[in-house]
Structure formats: C-alpha cells, structure tokens
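Here's the structure we're looking at; comments come further down.
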Amino acid sequence: MVSDLSPSAFQLLNAWQHGFPLISRPFRKLGLSVGLSEQIVLDYFRQWRMSGLLSRIGPVLNPSCMSSTLVGLQVPSSRLEDVAAQVSAMPEVNHNYEREHPVNLWFVMACPHPQALQARLDELAGQTGLHPLSLPMQSAYHIDLGFNLAPSFWKTAAAMPPCCPLPAEGSPQQALLHAVQHGLELHPEPYQELARHAAMTEKQVLDQLGAWLEQGLFRRFGVVLRHRSLGYTANAMCVWTIPDDIVDSVGTQLGREPGVTLCYRRRPHPPQWTHNLFCMIHGKDRAQVLQQHERLSRRLGLEAFPHAVLFSTRCFKQRGALLTPAQVHHD
C-alpha cells in the first residue's frame, strides 16, 4: 500500500505522473531526484507493475483528438456479464464498469472519426438488441490530471490545448504513437527501444514526444496508476441536470473542489438521460464518498437540481484510450 512506502518511493510514484523526463536515461534522473540508483528506481517500477499498482509510464491521449463518448446501457441482470464481455472485447472501448443504476453498464469508446464511432455504436446495438445512450463530452473542467496521492502537492493543471493532427498512415510517427501509447519499457534507455520500433533516432523520438505534448495530442506524459490498486474502491460517478445557461459556471466551480478527480459536461440523451454535469469522486469507503458529495452539493447549491450518485460495483475493463494502427490516419 502507498502508506507503507518510503518517502523517496512515494515521490517516485506521485511526482512523476506529470512531466516524466524526455531524456535518454530518465530513470537515472528520477533516482538522482530522490537519492536512489537507476537500478533501484527500475526495480521499484517493475515491482509496482507486477503488483498492478502501475498501469504504465507513458502518454494519456487528449480526448479532443478523437471522437469519444461515454455510453450507458440498460442491461437485464441475467445478460450483464455476457454483454459486458462483448463490450470489453471491442478495441475502441477503454473503461467498462457496472454501476448502481437502472442504466447499469457504462463504458468509454474512442474512435478517430464520428462516423467510425457511430458505426461501432450501431453495430453494438444490432448485436445486443439494446439502445446505447451516447453522451459525448462538451466541456472539460478537470480531467486526465493523474491520481494525486498528496492533495497539496500539485498545482492546478493548465487548460487543455487544442489537438494537433494525427500522424499519417504508414509513417514512422504513426509507428511511434502506436508503440508509446502502451507505455515505456522499464529499461535504462526506454526511448532507444521506441526508436528501434519506429525506425527513428532517439533524438527524433524525444523531439516528437515533446512536440505532441506541446501541441496537445498528449494530455500528460508520466506515471499512470490504477486507483483500485491504491485502495480507492468506493468510486462514484455523480451527475446533475443543470440549466444550460449556468452549467459552465457550475462545472468550473465543481472541478476545483477537493476530492473531485474528474469533472465534465456531457450532451444529455433525453428522455432516457437528462443529466449533463458529471464528476468522479474516488474514495476508500462509501461513507467517505457520500459525505464528500453532500458537502460539495451543499456548498455549491447543487441540491436543488435533479441528481444521482452511481457507485461502480464491477470493473470489466480499464486502460487508457488507444489508437490502433488502422485508426491512426489523416482526415
């Protein structure tokens, strides 16, 4: 558990969720920052990966660079596991959870273009006989900032930059993007490994990764943790129906609240789904999450609006959004 870590190990895990070094030997730099050898740092990260605490070290893709949506399905309980397996098998799906609500299966799907996304949703509807509620993001107030283990440690992240074009099909840059999105190899010179895969020089790799960060293809580049393995197992998607003329103001305030890990506006799908403001609260027990929800609702005056709290009960799939080689191409 994180509470058992030494101060130096904790800093390795927490501080480098942003700004992971784009230099030839990044793990040596991490070691120098906490007084450990490069080998010990690598051993730590390998141990955390084996235990499931570490998902990867690499980029979090900017959702604005893709056509992505949150999808809700109302699935009969007798079919839930089968339908969830069908959904999880789709390469475009990254997160797939059962939640406490009549609309009980929730997943995120990302495709390169709106037409591809709609085609996959239509395909899923045909296969299951169910009606997907597609709720695309309209505004992001606080998203993809990592999972802060020390709330006073980070400053608020900058606004999400506009996205740069995706690399051309068959280009070395396409091969690099496909490789790096799965994470760096835990190797003293991980960018050399990427360079070999993409038929680029290490300098070209480092320059390109830096450019994608600056241009907005990557939301961040660093350590990506699994919150459930950290002990945050009481996780709730909190939703409200807010009038259009004030939703951005309310969402901006909500995104600044302590304990809110994600906050965004989504297009509703009436009459089945009218909620348009979403946030995630991650906690170690249900009572803690409900108390946090009550506090922020009271402080922001959200109790007056229709709302719901959807705790996750099962995780069927969790990984970062990926673009497969067939998906990565120009418009």
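The values are calculated or read from the model by the stated rules, or taken from the named source; none is laboratory data. These numbers come from a predicted model, not from an experiment. Cβ atoms come from the backbone with ideal geometry, glycine included; neighbour counts cover every protein chain shown. Keep in mind that these areas ignore ligands, DNA and RNA; they rest on the heavy atoms of the full protein, side chains included. Shrake-Rupley method; radii C 1.70, N 1.55, O 1.52, S 1.80 Å.
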List pairs: first residue in region 275-287 and over 12 Å from F311 (Cβ atoms), second residue small (G, A, S) anywhere in the structure, Cβ distance under 8 angstrom, at least six positions apart or on different chains. H275/A308; L277/G251; C279/G255; K284/G231; K284/A234
Filter region 49-69 for residues that are open to solvent by less than 10 Å² (accessible area, probe 1.4 Å) and of a type outside the set (S, T, Y); the one that is farthest from N14 (Cα to Cα) is N62
Filtering region 274-318 down to residues that are at pLDDT below 85 and open to solvent by less than 60 Å² (accessible area, probe 1.4 Å), which residue is farthest from the chain's Cα centre (by Cα)? G283
Tell me, yes or no, whether region 32-49 has at least one residue that is among the acidic types (D, E) and farther than 30 Å from L130 by Cβ. yes
L130 closer than 26 Å to A179 by Cα, in contact (Cβ under 8 Å) with a residue 40 or more places away in the chain, in contact with a Leu (Cβ under 6 Å, 6 or more places away or on another chain) and not acidic (D, E): no
Filtered residues of region 15-43 (kept if assigned to a helix (DSSP H, G or I) and farther than 25 Å from V205 by Cα): V34, I40
Which pairs turn up if I take residues in region 289-306 that are in contact (Cβ under 8 Å) with a residue 24 or more places away in the chain and within 18 Å of S249 (Cα to Cα) and look for partners that are in a helix (DSSP H, G or I) and open to solvent by 50 Å² or more (accessible area, probe 1.4 Å) with beta carbon separation below 6 Å, at least 6 apart in sequence or on another chain? L300/Q253
Residues of region 200-212 classified as open to solvent by 60 Å² or more (accessible area, probe 1.4 Å) and part of a helix (DSSP H, G or I), total: 3
The number of residues in region 243-261 that are charged (D, E, K, R) and touching a helix residue (DSSP H, G or I) at 6+ places or on another chain (Cβ under 9 Å) is 1
In region 116-141, what count of residues is obtained for those that are touching a Gly at 6+ places or on another chain (Cβ under 8 Å) and either surrounded by fewer than 17 Cβ atoms within 10 Å (Cβ to Cβ) or of a type in the set (G, A, S) (or both)? 1
Whether any residue in region 59-81 is touching a helix residue (DSSP H, G or I) at 6+ places or on another chain (Cβ under 9 Å), at pLDDT 90 or above and over 24 Å from G126 (Cβ atoms) is what I want to check. yes
Just checking, does region 221-238 include any residue being in contact with a Cys (Cβ under 6 Å, 6 or more places away or on another chain) and not in a loop (DSSP other than H, G, I, E, B)? yes
